[in-house]
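The values are calculated or read from the model by the stated rules, or taken from the named source; none is laboratory data. Predicted, not measured: the structure shown is a model, and the values here were computed from it. With ideal geometry, Cβ positions are generated from the backbone for all residues, glycine too; neighbour counts draw on all protein chains shown.
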Amino acid sequence: MNVPSHIAIIMDGNGRWARRRALPRIMGHKAGIDSVKNIVKACIKFKIEHLTLYAFSTENWLRSRKEVKGLFRLLGSFLDNEIRLFHDNGVRLRIIGDRGRLDAMIRQKIEDTEKETAGYETLNLNIALSYGSRQEILNAVRQLSREVKKGRIRPDEIDEKIFAEYLYTKGSPDPDLLIRTSGEMRVSNFLLWQISYSEIYVTSKFWPDFREPDLKKAIEEYGKRERRFGG
């Protein structure tokens with residue numbers, strides 16, 4: 001099976017999954033955590049090197065305070081409960097996004113887990129949290145502008161490779177495959193720079209129902225495509 005090196009997933013549909021079952025929205029997010037664990041294990045099995053999951057966007061801060069608190073409580077539990085999964089399987093965790101709005105306790109958990117897993121190479125797991133691609137690009141432009149002002153780099157030296165070094169995803173290759181669950185046909189401010197030539201796969205399944213067989217189906221579809229990169 002021709003597998004992509006890097007898969008990015010927009011995990012969508014938790015709320016609708018819960019609503020169809022007459023459950024609180026937070027139960028959809030809780031079920032979504034089970035899918036995260038399943039897909040992480042599947043990526044290890046299929047020898048995927050990089051996995052980036054879109055967990056919480058900058059726009060998601062507009063949701064109710066109760067839902068946001070519940071989401072971050074689930075994240076904290078995930079980091080506490082799955083550290084053994086990371087250690088046993090060589091998973092390196094990185095959180096990408098704006099950490100400035102995160103609770104101090106969550107930030108500390110993130111930093112601790114990143115340090116503990118920094119040496120692992122089997123799977124690089126990026127979780128996009130408080131993430132917005134437009135903001136990411138603006139931040140990169142601001143940083144580069146400061147470097148130019150200080151004389152550390154000339155404007156005509158800035159190319160795509162240098163620009164990518166100022167993005168949250170520094171060190172990760174661009175995604176080969178972008179998967180979106182729940183059937184929505186948009187990218188929702190996710191990795192706009194990085195997915196320029198990614199193959200896109202959309203499934204109508206809600207994220208809590210997306211498991212290893214669904215990932216395998218997406219990878220098989222990816223393997224059938226001819227990637228020409230505009231050529």
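If the condition is being outside any helix (DSSP H, G or I) and either in contact (Cβ under 8 Å) with a residue 24 or more places away in the chain or aliphatic (A, V, I, L, M) (or both), then segment 21-53 contributes ALA22, LEU23, PHE46, LYS47, ILE48, GLU49, HIS50, LEU51, THR52, LEU53. Checked against (1) surrounded by 13 or more Cβ atoms within 10 Å (Cβ to Cβ); (2) out of contact with any Phe, Trp or Tyr (no Cβ under 9 Å at 6 or more places or on another chain); (3) not hydrophobic (A, V, I, L, M, F, W, C), TYR201 passes all but a single condition, namely (2). Of the residues LEU138, LEU129, LEU144, the single one that is part of a strand (DSSP E or B) and either at pLDDT 95 or above or surrounded by 12 or more Cβ atoms within 10 Å (Cβ to Cβ) (or both) is LEU129. Pull up segment 1-20, narrow it to residues that are part of a loop (DSSP other than H, G, I, E, B) and among the polar types (S, T, N, Q), then point me to the one that is nearest to LYS216 (Cα to Cα). Only one residue tops the list, namely ASN2. Within segment 189-231, count every residue that is part of a loop (DSSP other than H, G, I, E, B), farther than 23 Å from ARG20 by Cα and hydroxyl-bearing (Ser, Thr, Tyr). Of the residues in that region, 3 qualify. Filtered by the rule that a residue be surrounded by fewer than 17 Cβ atoms within 10 Å (Cβ to Cβ) and over 14 Å from LEU129 (Cα atoms), segment 63-75 gives ARG63, SER64, ARG65, LYS66, GLU67.
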